[in-house]
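Participant: This is the structure, below, for whatever I ask next.
The values are calculated or read from the model by the stated rules, or taken from the named source; none is laboratory data. None of the values given here were measured: they were computed from a predicted structure. Note: ideal-geometry Cβ built from the backbone for every residue, glycine included; neighbour counts use all protein chains shown.
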């Protein structure tokens, strides 16, 4: 399609050496474009003069073609406005497109990877009514973000920008941001790294997917936590890995059970600082067991450190990667929780000898990350805004956490058991027998509650029913009324 004066002109190919009249060729090209819905009902088309100029013909054959299409009802003329595809034409796609064509292509088959991805429950489908309402699991408190500081840095970026940021960048990301992240991780998370090991990605999900693609072959076995982060499971399943759901308890992943189930697994995907969704912190003994297994088995550990900045009863737990002496741990982090999700900036810390391989796969995905947010974020960290923001948000989230714990204990009592309330931006409540969390979540959405069903975090048969309740985006004053509505839903016993 090419844009012409006064409307959109379909591609009209004219055969100059044929005996077929030009007006017939123009008529047939326009009629086909309308019949095949390449020009939709109500679409404005170019004037006869504009199309004649576009096709390098006189205006007469175009006038004749338009007259025929007007007479047959394909076009309609509106005084003072122009010529349009008739608005009375049906909007259903013809034989060359639409749902039937899509189904035909689907059956013919994309790669197995794409077919597998279709079988995985999509986040949007499981978010019931779009994730709106109290206890939204993925929402942060964006109202407390230092917008003025960010806006000032962004304005300075545009004022001082040169041509270099306008071209493709390093697949690993902007050096200044990687240096800032390396300094932060060494100081705050005890990560053993240099800036050359860091790759910038579009959030932790791309980091997990990238890591799986670099380290694992199709059909390789990989441990995941059970219950665990469903998007890590989705990343592995989409490329054909064999998922091994290893149970977790109060000390985190049960390493001995993982060894029983798949001793030669190629990787273990874990969140040792704050396990999702039950909130356990992996004990020192389990960390040592996991590192020992990885070294002996020649396996990898992928550490998802998604919200370790927020601990309330004690200081943040040091990273698992910082204990690794065999370079078997891949560290994945994100700014989605500590900044805001739409920033879409995360990072991967790869072993030094694998950094270039990560970069090669990263380049194949989308060449390089966008420059602007990287540059502004690097300055945001360097000027101290990042650390101040974390300290402030820790206080705000602590207040909300305490209010949610109090309300759940007072309103729900023995009907709900609380897990993982010492860290992060969510807590989990488990329910007794007789509850069906998925049906109750759908009902709660109509009451303005966003309840993520705990059963959905299990790869196998759900051992527990319950909800994962995010408090990051729910103001403290709204928590008590929301828990009151939750109490009424629980009384209905899940339908």
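Participant: Kindly list the number of the only condition in (1) modelled with pLDDT under 50; (2) surrounded by fewer than 16 Cβ atoms within 10 Å (Cβ to Cβ); (3) within 23 Å of the chain's Cα centre (by Cα) that fails for residue 144.
Facilitator: Unmet for residue 144, out of (1) modelled with pLDDT under 50; (2) surrounded by fewer than 16 Cβ atoms within 10 Å (Cβ to Cβ); (3) within 23 Å of the chain's Cα centre (by Cα): (1).
Participant: I'd like to check which strands (runs of 3 or more DSSP E) are fully inside the stretch 143-256 and have at least 3 residues that are within 20 Å of residue 380 (Cα to Cα).
Facilitator: Counting at least 3 such residues, we get 198-201.
Participant: If you don't mind, another one. Given the criteria out of contact with any strand residue (DSSP E or B) (no Cβ under 6 Å at 6 or more places or on another chain), part of a loop (DSSP other than H, G, I, E, B) and not assigned by TED's automatic domain parsing to the domain that holds residue 429, does residue 263 qualify?
Facilitator: On the way: out of contact with any strand residue (DSSP E or B) (no Cβ under 6 Å at 6 or more places or on another chain): yes; part of a loop (DSSP other than H, G, I, E, B): yes; not assigned by TED's automatic domain parsing to the domain that holds residue 429: yes.
Yes.
Participant: Taking only pairs six or more apart or across chains, which ones have beta-carbon atoms under 6 Å, a first residue in the stretch 173-196 that is at positive phi, and a second residue that is in a loop (DSSP other than H, G, I, E, B) and buried (at least 16 other Cβ atoms within 10 Å of the Cβ)?
Facilitator: Cβ pairs passing all conditions: 173/369; 190/318; 190/319.
Participant: Is it the case that residue 276 is assigned to a loop (DSSP other than H, G, I, E, B) and touching a strand residue (DSSP E or B) at 6+ places or on another chain (Cβ under 8 Å)?
Facilitator: Yes, satisfied.
Participant: Across the stretch 340-363, what is the total count of residues that are touching a helix residue (DSSP H, G or I) at 6+ places or on another chain (Cβ under 9 Å) and free of Cβ contacts under 8 Å to residues at least 12 places away in the same chain?
Facilitator: Looking only at the stretch 340-363, we keep the residues that are touching a helix residue (DSSP H, G or I) at 6+ places or on another chain (Cβ under 9 Å), and these are 340-352, 354-355, 357-358, 360-362.
Now restrict to residues that are free of Cβ contacts under 8 Å to residues at least 12 places away in the same chain: 342.
Residues meeting the conditions: 1.
Participant: Take the residues in the stretch 245-285 that are farther than 24 Å from residue 455 by Cβ and out of contact with any helix residue (DSSP H, G or I) (no Cβ under 8 Å at 6 or more places or on another chain); name whichever of them is surrounded by the most Cβ atoms within 10 Å (Cβ to Cβ).
Facilitator: Within the stretch 245-285, the match that is surrounded by the most Cβ atoms within 10 Å (Cβ to Cβ) is 273.
Participant: Confirm whether residue 436 is surrounded by fewer than 21 Cβ atoms within 10 Å (Cβ to Cβ) and in contact (Cβ under 8 Å) with a residue 24 or more places away in the chain.
Facilitator: yes
Participant: Here is a further query. Within the stretch 97-105, is there a residue that is modelled with pLDDT of 50 or more and part of a loop (DSSP other than H, G, I, E, B)?
Facilitator: Within the stretch 97-105, none of the residues are modelled with pLDDT of 50 or more and part of a loop (DSSP other than H, G, I, E, B).
Participant: Would you say residue 188 is at pLDDT 80 or above, out of contact with any helix residue (DSSP H, G or I) (no Cβ under 8 Å at 6 or more places or on another chain) and in the same structural domain as residue 232 (by TED's automatic domain parsing)?
Facilitator: Yes, satisfied.
Participant: Would you mention how many residues in the stretch 455-475 are buried (at least 20 other Cβ atoms within 10 Å of the Cβ) and closer than 22 Å to residue 336 by Cα?
Facilitator: Total meeting the criteria: 9.
Participant: Sort through 122, 152 and tell me the only one that's closer than 30 Å to residue 336 by Cβ, surrounded by fewer than 18 Cβ atoms within 10 Å (Cβ to Cβ) and at pLDDT 85 or above.
Facilitator: 152
Participant: Looking at the stretch 39-49, can you tell me whether even one residue there is modelled with pLDDT under 80, out of contact with any strand residue (DSSP E or B) (no Cβ under 9 Å at 6 or more places or on another chain) and either over 30 Å from residue 238 (Cα atoms) or in a helix (DSSP H, G or I) (or both)?
Facilitator: Looking only at the stretch 39-49, we keep the residues that are modelled with pLDDT under 80, and these are none.
Checking the stretch 39-49: not a single residue is modelled with pLDDT under 80, out of contact with any strand residue (DSSP E or B) (no Cβ under 9 Å at 6 or more places or on another chain) and either over 30 Å from residue 238 (Cα atoms) or in a helix (DSSP H, G or I) (or both).
Participant: Turning to a different aspect of this structure: Name the single residue that is nearest to the chain's Cα centre (by Cα) among those in the stretch 30-61 being surrounded by 18 or more Cβ atoms within 10 Å (Cβ to Cβ) and over 19 Å from residue 77 (Cβ atoms).
Facilitator: Selected residue: 37.
Participant: Can you pull out every residue in the stretch 227-244 that is surrounded by fewer than 22 Cβ atoms within 10 Å (Cβ to Cβ) and under 14 Å from residue 277 (Cα atoms)?
Facilitator: Across the stretch 227-244, the qualifying residues are 230, 231.
Let's see how each residue does on (1) in contact with a helix residue (DSSP H, G or I) (Cβ under 9 Å, 6 or more places away or on another chain); (2) part of a helix (DSSP H, G or I); (3) under 25 Å from residue 166 (Cα atoms):
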residue: 291; (1), (2), (3): yes, yes, no
residue: 301; (1), (2), (3): yes, no, no
residue: 327; (1), (2), (3): yes, no, no
residue: 338; (1), (2), (3): yes, no, no
residue: 376; (1), (2), (3): yes, yes, yes
residue: 380; (1), (2), (3): yes, yes, yes
residue: 387; (1), (2), (3): yes, yes, no
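Participant: Would you check if there is a residue in the stretch 441-453 being touching a helix residue (DSSP H, G or I) at 6+ places or on another chain (Cβ under 8 Å), surrounded by 19 or more Cβ atoms within 10 Å (Cβ to Cβ) and farther than 21 Å from residue 307 by Cα?
Facilitator: The first filter runs over the stretch 441-453 and keeps only residues touching a helix residue (DSSP H, G or I) at 6+ places or on another chain (Cβ under 8 Å), leaving 443-444, 447-453.
Narrowing the set further to residues that are surrounded by 19 or more Cβ atoms within 10 Å (Cβ to Cβ) leaves 444, 449-453.
So of that shortlist, the ones also farther than 21 Å from residue 307 by Cα come out as 444, 449.
Taking every residue of the stretch 441-453 in turn, at least one turns out to be touching a helix residue (DSSP H, G or I) at 6+ places or on another chain (Cβ under 8 Å), surrounded by 19 or more Cβ atoms within 10 Å (Cβ to Cβ) and farther than 21 Å from residue 307 by Cα.
Participant: Any residue in the stretch 325-336 that is under 26 Å from the mean Cα position of the chain (by Cα) and under 23 Å from residue 168 (Cα atoms)?
Facilitator: Yes, some residue in the stretch 325-336 is under 26 Å from the mean Cα position of the chain (by Cα) and under 23 Å from residue 168 (Cα atoms).
Participant: Would you be able to tell me the number of residues in the stretch 454-478 that are over 19 Å from residue 414 (Cα atoms), in contact (Cβ under 8 Å) with a residue 40 or more places away in the chain and outside any loop (DSSP other than H, G, I, E, B)?
Facilitator: 5
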